[in-house]
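In what follows, a structure is listed as structure tokens, so that the remarks can point back to it.
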Amino acid sequence: MDGKKFRTQMGDLAMGTALNAAARDYQKEMLAEYKAQSSQPKHEEVDIDDLLNDPELERLHAERINAMKREAEKRQKLQQQGYGEYRLVTEGDFLTEVTKSPRVICHFFHREFIRCKIMDKHLKLLTPKYFDTKFICIDAENCPFFVTKLGIKVLPCVILFRDGVAVDRIVGFQELGGVDDFATKALESRLLKAGL
């Protein structure tokens with residue numbers, strides 16, 4: 001065999017091997033690029049007009065508006081019944097307030113006691129947050145019948161009623177840290193623990 005012919009054949013073989021290797025590398029690169037593109041999330045362009053005319057979106061929107069209207073009507077009805085505000089009640093109104101509401105928090109207080117004023121401040125802050133619970137206060141001096149009937153001996157005394165029945169009470173500040181500057185959060189946690 002001729003040396004020149006041998007070198008040419010070897011060169012052709014080497015060139016063929018190199019071309020095959022290059023083709024395999026190119027194929028791997030193309031496959032990797034395709035996988036990378038297909039793994040990226042595809043964002044389709046959405047026409048706003050199509051969204052505005054979507055019947056499903058219109059149905060959801062109508063449902064949400066109706067739910068908001070029902071909630072506003074419920075809130076207005078509760079507001080007319082004395083919910084959403086911390087109110088002073090008289091001995092004559094006390095029984096009606098407590099028995100006609102599912103959840104009532106009543107603060108028995110004395111006008112001259114500083115601790116009663118502190119409790120008032122915290123209850124006023126919690127009232128708008130818990131709209132479905134009625135928050136009331138009553139002057140213990142002006143309702144001796146209920147003070148005796150409920151066994152109130154220390155003020156401030158907060159009694160929690162559920163469906164007209166006294167279910168729990170907070171007497172003084174002992175459960176709230178025993179200090180005058182307790183956080184409203186401490187009172188809130190205690191009330192939530194009682195289920196109101």
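The values are calculated or read from the model by the stated rules, or taken from the named source; none is laboratory data. This one's a predicted model, so the numbers in the text were calculated from it and none came from an experiment. Heads up, the Cβs are rebuilt from the backbone with ideal geometry, glycines too, and the neighbour counts pull from every protein chain shown. Just the protein is used for accessible areas: all its heavy atoms, side chains included, with ligands, DNA and RNA removed. Shrake-Rupley method; radii C 1.70, N 1.55, O 1.52, S 1.80 Å.
So which residues in the range 162-196 are assigned to a helix (DSSP H, G or I) and open to solvent by 20 Å² or more (accessible area, probe 1.4 Å)?
Hits for the range 162-196 are Gln174, Glu175, Thr184, Lys185, Ala186, Ser189, Arg190, Leu192, Lys193.
When you look at His107, is it touching a helix residue (DSSP H, G or I) at 6+ places or on another chain (Cβ under 9 Å) and not in a helix (DSSP H, G or I), yes or no?
yes
Quick check on my filter: what residues within the range 73-88 are open to solvent by 100 Å² or more (accessible area, probe 1.4 Å) and of a type in the set (Asp, Glu)?
Glu73
Which of the following residues is closer than 18 Å to Phe161 by Cβ and in contact with a strand residue (DSSP E or B) (Cβ under 7 Å, 6 or more places away or on another chain): Leu78, Leu88?
Leu88
On the basis of being in contact with a Cys (Cβ under 7 Å, 6 or more places away or on another chain) and either in a helix (DSSP H, G or I) or in the same structural domain as Ala183 (by the TED database) (or both), does Phe131 make the cut?
No, not satisfied.
How many of the residues in the range 106-120 are buried (at least 17 other Cβ atoms within 10 Å of the Cβ) and aromatic (Phe, Trp, Tyr)?
2
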